[in-house]
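Have a look at the structure below, then the notes.
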Amino acid sequence: MCGIVGYIGANNAVPTLFEGLQRLEYRGYDSAGVAICGRNGMKIHKQAGRVADLVATAPKRLRGTVGIGHTRWATHGEATTVNAHPHTSGSVAIVHNGVIENAGELRAGVLANVAFATDTDSEVLAHLIAAQDGAALEDAVRAALLMVEGAYGVAVIDQRQPDRIVVARNGSPVLLGVGNGEHFVASDAAALVRYTDQVVYLDDRELAVIHADGFRTFTLDAATTTKQPVTAALTADMTGTSGHDDFMHKEIWEQPEAVHSALRGRVDHRFSTAHLGGIDLVPKDVLTLRRIKVLGCGSAYYAGMVGAQLIEELTRIPADAEAASEFRYRKPVIEADTLYVAVSQSGETYDTLAAVEEIKRKGGRVIGVVNTPGSTISRACESGVYLHAGPEISVASTKTFTSTVVVFALLALYLGRIRDMGPADGARLIGALDTLPGQIAAVLDEESRMIDVAHGLAAAADLFYIGRVRSYHVALEGAQKMKEITYLHAEAYPAAELKHGPLALIGAGTPTVVLAPDDELWDKNMASIAEIQARKGPVVVVTDCRRPVSGAERILVPATEPELQPVLLGVVLQLLAYHVARILGRDIDRPRNLAKSVTVE
Ligand code: F6R
């Protein structure tokens, strides 16, 4: 979603801002802009479209030692050059992530006499700050923020006070980068990767005033805070495509390593259990647990479904997953003996964060399963388990889906070994986890097979994905991957539900991808295939079973323990979606209308 970058120091800010904006492109955006303070005052340059367009159209003489930049993902007002950030008022320029909820009220009230240039909620902030005439910029920003309701990550400059950038955060991430005689601002450490790994994360309701040679932090109530830089675990290598055509392909191929990283140091072969140092659940707590509720959005939700199933099967603690976006609105009963688990790759998804806050407000216990260290959700949860999958840049989640399932397997192992799971069952799961990276690599080696099948699927306008129990959850994720990067219509159903409605749509032009592991439901899946084929529907079966399936394309995966089979099936579905998207010429890493990190409701 929207991205912020800022620079203050002795060098020209412009190349740093452009590079930072390029590194934030993966978050999803539709326009971009910069504000630069130089010798001749402040210059604004903004543009609908890509950062490359912004760079190409930048005036040659655009330079200055202080600047802020932004990539915008439209919420209030269309994706036009006018609505792109920065927004200005008098000598002030601002960039803003988030939503100002009382913008309408402020426009009609205290700002009634102001002529607005844009349709955005963010412009309100620029006028409120400029209205605090004569104040030091940090005081003006603080006073303005006390008048707004909503979420913000904001960076502000004033051409009359060009020795500072003021930043603030409430519900939308902002961090400072500490350099030598220069400082940076970003909404995501990835933007600064070439300049510094020393970062300071701001907390909600916290501000910072940044100069070339230092910074000061304080709260909205003007109380000074003390912040020490921490090292961001990111390198420039991690944010490149490493010879792959795009990030999605790179990230799909990184999965064997991502699973190794998720497992590293966490498996206890001796006692057939897991060590999860990040969660503070002692055996006594685990014995009192009566339920586990997993919350996440999109692919994190689907991975959570696979995880909840794994936990319930292995620990016999009732577990289910729910869309975090729905959770707080249905007035959930928060139970003291339920363990809530929030899943998020970015750690910044607004709906997931809001669910975490709601649980905490009501006294519930919530842990995180998060990929991004230091992210808002990881800090909001009492404790948690990191995926350690490395940065995921492509909008479509791949390696973090897989790593999330693996972390749930570890959690199930840990909880299960405290509850009823015996050492033999623990060892069975550990054996399967140990061989999983190699098995994923074996699936990846069959990529040419997925390319063949993708050619058949790319001609369809609608696709169905079906599976039962664990495989249904992967079917949801497979259909999601297909929709988001190919723009083909894809629906997932529990296999037995087909005949309760969607079968009416099955015909020669609607292929069905059937996830049919070699388990106790094999015969039932064959019956579903027969129903589809009787309506002339083409079938692709993804399975570890070597028995032939007449009239269907078959993609074979290695056999693993049933609880982990969803991982291998999932990798096939990623590659199918990826290659259909390539065949159709889609912008794979940046699918239309989508953002990597959804920081608004
Ligand atoms: C789909 C996808 C999204 C995210 C969802 C949650 O490929 O990536 O559905 O899974 O927006 O994001 P995180 O995991 O960052 O909370």
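The values are calculated or read from the model by the stated rules, or taken from the named source; none is laboratory data. Only a predicted model underlies this, so the values are computations on that prediction, with no experimental measurement involved. Please note: Cβ atoms are built from the backbone with ideal geometry, for glycine as well, and neighbour counts cover all protein chains shown.
Give ASP280, ASP204, ASP221 a once-over and let me know the one that is part of a loop (DSSP other than H, G, I, E, B), touching a strand residue (DSSP E or B) at 6+ places or on another chain (Cβ under 6 Å) and not assigned by TED's automatic domain parsing to the domain that holds GLY416. Spell out how you get there, then give the answer.
On the way: ASP280 fails: not assigned by TED's automatic domain parsing to the domain that holds GLY416; ASP221 fails: touching a strand residue (DSSP E or B) at 6+ places or on another chain (Cβ under 6 Å).
That would be ASP204, the only listed residue that is part of a loop (DSSP other than H, G, I, E, B), touching a strand residue (DSSP E or B) at 6+ places or on another chain (Cβ under 6 Å) and not assigned by TED's automatic domain parsing to the domain that holds GLY416.
Restricted to region 497-601, the set of strands (runs of 3 or more DSSP E) holding at least 1 residues that are within 21 Å of the chain's Cα centre (by Cα) and within 16 Å of the ligand (Cβ to nearest atom) is empty. Just so you know, in region 311-326 the residues that are part of a helix (DSSP H, G or I) and buried (at least 24 other Cβ atoms within 10 Å of the Cβ) include one that is farthest from the ligand (Cβ to nearest atom), and it is LEU314.
Could you please find all residues in region 334-353 being without any contact (Cβ under 8 Å) to a residue 60 or more places away in the chain, within 13 Å of the ligand (Cβ to nearest atom) and either aliphatic (A, V, I, L, M) or part of a strand (DSSP E or B) (or both)? I'd like the intermediate steps shown before the answer.
Our first condition is that a residue be without any contact (Cβ under 8 Å) to a residue 60 or more places away in the chain; within region 334-353, this holds for 334-340, 342, 344-345, 347, 352.
Still in the running and within 13 Å of the ligand (Cβ to nearest atom): 342, 344-345, 347, 352.
Within region 334-353, ALA342, SER344 meet the criteria.
THR273 meets the stated requirement of being at negative phi, surrounded by 20 or more Cβ atoms within 10 Å (Cβ to Cβ) and modelled with pLDDT of 95 or more. For ALA208, indicate whether it is of a type in the set (A, V, I, L, M) and more than 24 Å from the chain's Cα centre (by Cα). Yes, satisfied. Against the conditions (1) out of contact with any strand residue (DSSP E or B) (no Cβ under 7 Å at 6 or more places or on another chain); (2) of a type in the set (Gly, Ala, Ser); (3) within 30 Å of ARG27 (Cα to Cα), ALA492 satisfies every one except (1). Per the conditions (1) under 19 Å from SER471 (Cα atoms); (2) of a type in the set (Asp, Glu); (3) within 16 Å of the ligand (Cβ to nearest atom), the sole criterion not satisfied by ASP246 is (1). Considering only residues in region 369-387 that are assigned to a helix (DSSP H, G or I) and within 13 Å of the ligand (Cβ to nearest atom), the one that is modelled with the lowest pLDDT turns out to be THR376.
Looking only at region 63-106, residues that are among the hydrophobic types (A, V, I, L, M, F, W, C), in contact with a strand residue (DSSP E or B) (Cβ under 7 Å, 6 or more places away or on another chain) and either closer than 30 Å to ASN11 by Cα or not in a loop (DSSP other than H, G, I, E, B) (or both) come to 9 in all. Residues satisfying the criterion are present in region 452-468 (criterion: more than 16 Å from the ligand (Cβ to nearest atom), among the acidic types (Asp, Glu) and assigned to a strand (DSSP E or B)).
Taking LEU289 as the residue in question, decide whether it is closer than 28 Å to GLN565 by Cα, modelled with pLDDT under 95 and in contact with a helix residue (DSSP H, G or I) (Cβ under 8 Å, 6 or more places away or on another chain). No. Assess whether TYR487 counts as being surrounded by fewer than 24 Cβ atoms within 10 Å (Cβ to Cβ), within 30 Å of SER242 (Cβ to Cβ), at pLDDT 95 or above and aromatic (Phe, Trp, Tyr). Considered against the rule, which asks whether it is surrounded by fewer than 24 Cβ atoms within 10 Å (Cβ to Cβ), within 30 Å of SER242 (Cβ to Cβ), at pLDDT 95 or above and aromatic (Phe, Trp, Tyr), TYR487 comes out as yes.
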